[in-house]
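A.B. asks: Got a structure for you, questions after.
The numbers here are math on the coordinates, done by the rules we state, and not lab data. Predicted model only: the values in this text are computed from it and were never measured. Using ideal geometry, Cβ is built from the backbone for each residue, glycine included, and neighbour counts are taken over all protein chains shown.
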Amino acid sequence: MTIKIWTLAAFLTLTVGAAHAQISDADDAAAFAEGLKNDGAADEGATNQDPWEGFNRKMFAVNNAIDSAALVPAAKAYRATTHKKQRKGLRNLLANARTPVILINDLLQGEFKRASETASRFAVNTTIGFGGMGDPAERMGIPQHSEDFGQTLAVWGAPPGPYLFMPLMGPSTIRGGVGSIGDIAMDPAVWIRTDAAKYTRYSRAGAAGLALREPLIEPLQDIEDNSLDYYASLRSFYMQSRKREIANGRTNFDDLPDIGDFEEFDELE
Amino acid sequence: MHIKSMLHRLGVAVVAGTMLTAAPALADDEAEHFIQAVLDEAEPYLDAPDQETQFDGIRQLVDKYVDMRRVGLFTLGKYARRITPEQKQVYLPLFKEYATGIYQDSLSTYAGEKLNVTTSIDRSTRDIIVNSEIIDAEPGSQLATMVVHWRVYRTRDGDLTIVDVGADGIWLAIEQLEQFTSVIANNGGPPAGVDALIADLKEQVTE
């Protein structure tokens, strides 16, 4: 059975970060809804969010060229030479290495309960989880959550800004892009200035790229095969999943395009 | 006495306040039953070991319950009113074929699983969201926490139809709308853009 579109959707939601942070008010969701409702011109929601579509599409093409020439073959080789459990172990390890960044962002958002969960996970998984290869914390009922500086900026009230697609970075917004730079700075490993640390950083970045790309081989191929406009399709999946993420994992049905649009079609015979 | 009447007033105010602020979206039993019946009908198909039976079953159910004409026009966004009758005649059957394929692809994700209706929210009396979840999904798996949404439309005659399906807040018709309007806009808008969309759909469907 092939992995389906929604697997990717769920994956996007996870990787983009299941933000449970409290987001105050008019944010992406509202802006997105505003766009969707725009005098019945539902598609303008997308274009309003994507004023740099021309640039983004060029970057998207660059990304896809690198992707099919290098990333996908590497991800396939990685899959062929490793066992499923090893790959799971690596994903756990990388997730554990990201914990300090999550912790800082939990704290910056004033989410102290989540911060203590993050700290406990790090302690448990680094020790009895063999440095993070295993995830005993999950079984102990301390769930993993994701957090990043882009989310923190959202909590602080920064507007998302336009949709932005960057090669190798994938879909984001200006706020998300600035957030990524913040996350890099928050990583303790970045501040250790030795050659060994430098190699570790590069290997980690490479491993992270593979670990992230490998489970997406089929879902992304699936979307590309099934879409008329791959760029618009991914943008929509990203925007929709992000909207939910901003709403702290709750699905908000108020923002959907109005069914009045459907109703009018009664007359359109 | 004075205090009692104050308390009484306060009580009334609290109740009124709750009613005003909470104003919960009401559930729609009929829509819930409708979707549960569709899910029950889908169960044997999803249980089928081979994909052909699964796909045939999903196609039958889509034919029966999804209002493809309405969805097809919806996915054109603002261009729905600018499509020519000739274009519409070609577009609608192509859309139906394309969307049915997406339904088959998406819903067969749940092969071997059983979906049950959990809640519903009425955005209006004619526009209802019904949520469903997988029962007995493998703990820790992606499916275990996934919510599958159904957007149900009540026609003027009171008949219920499905107009969209989503998972964890991601809707298929909305994604199609964004693709289609993008194709139309990037090909010079109607009528040429619609022709481009039709050509793309043709290619997709015949692949």
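A.B. asks: Could you let me know the centre-to-centre spacing of the stretch A:79-108 and the stretch B:133-181, using Cα atoms, in angstrom?
C.D. replies: 31
A.B. asks: Starting at the first residue of the stretch A:216-231, write each ³J(HN,Hα) from the Karplus equation 6.51 cos²θ - 1.76 cosθ + 1.60 with θ = phi - 60°, in whole Hz, x for Gly and Pro.
C.D. replies: So the J values, rounded to whole Hz, are 9, 3, 6, x, 5, 4, 4, 5, 4, 5, 8, 9, 8, 9, 4, 4.
A.B. asks: Can I ask one more? Over the stretch B:61-207, what is the relative contact order in percent, taking alpha-carbon pairs closer than 8 angstrom and at least six residues apart? If you can, show how the numbers build up before the last one.
C.D. replies: Details: 193 pairs, mean separation 37.1, N = 147.
The value is 25 percent.
A.B. asks: Under the definition of partner shielding as Cβ atoms of other protein chains within 10 Å of a residue Cβ, what is the mean value for peptide B:122-134?
C.D. replies: On the way: counts 1, 5, 4, 0, 4, 7, 2, 3, 0, 2, 0, 0, 0.
If you average over the peptide's residues, the count of other-chain Cβ atoms is 2.
A.B. asks: Rg(Cα) of the stretch A:59-181 divided by 2.2 N^0.38 Å?
C.D. replies: It is 1.25.
A.B. asks: While we're looking at this one, here's another question. Mind sorting B:47, A:135, B:67 by how few other Cβ atoms lie within 10 Å of their own Cβ, fewest first?
C.D. replies: Details: B:47 14, A:135 21, B:67 18.
Lowest count first: B:47, B:67, A:135.
A.B. asks: Averaged over B:178-189, how many beta carbons belonging to a partner chain fall within 10 Å of each residue's beta carbon? Mind dumping the intermediate values first?
C.D. replies: Working: counts 15, 13, 4, 9, 12, 4, 2, 6, 5, 0, 0, 0.
For peptide B:178-189, the averaged partner shielding equals 6.
A.B. asks: Another question, then. Exposure proxy check: A:83, A:145 ranked by fewest other beta carbons within 10 Å?
C.D. replies: On the way: A:83 9, A:145 18.
Going from sparsest to densest Cβ surroundings: A:83, A:145.
A.B. asks: Which entries in the list A:76/A:243; B:64/B:96; A:243/B:64; B:96/B:202 go over 22 Å, if you measure between the two C-alpha atoms of each?
C.D. replies: Numbers: A:76/A:243 31 Å; B:64/B:96 12 Å; A:243/B:64 32 Å; B:96/B:202 11 Å.
Violating the 22 Å limit, Cα to Cα: A:76/A:243; A:243/B:64.
A.B. asks: Using θ = phi - 60° and the Karplus form 6.51 cos²θ - 1.76 cosθ + 1.60, what ³J(HN,Hα) does each residue of the stretch A:72-84 get, whole Hz, x for Gly and Pro?
C.D. replies: With coefficients 6.51, -1.76 and 1.60, one gets 5, x, 5, 5, 5, 5, 4, 5, 5, 9, 10, 8, 3 Hz.
A.B. asks: Would you work out if the stretch B:3-205 is rounded, prolate or oblate? Take a ≥ b ≥ c from the square roots of the eigenvalues of the alpha-carbon gyration tensor; rounded if a/c is under 1.5, else prolate when a/b is larger than b/c, oblate otherwise.
C.D. replies: Details: a/c = 2.52, a/b = 1.45, b/c = 1.74.
Oblate, since a/c reaches 1.5 and b/c is not below a/b.
A.B. asks: For residue B:114, which sequence-distant residues (separation of 5 or more, or a different chain) have an amide H within less than 5 Å of its own amide H, given hydrogens modelled in the peptide plane?
C.D. replies: Placed amide hydrogens put B:135 under 5 Å from residue B:114.
A.B. asks: A further question on this structure: Return the sequence-ordered ³J(HN,Hα) values of the stretch A:52-68 in whole Hz as given by the Karplus equation 6.51 cos²θ - 1.76 cosθ + 1.60 applied to θ = phi - 60°, using x for Gly and Pro.
C.D. replies: 9, 3, x, 4, 4, 5, 5, 5, 4, 5, 4, 4, 5, 5, 5, 4, 6
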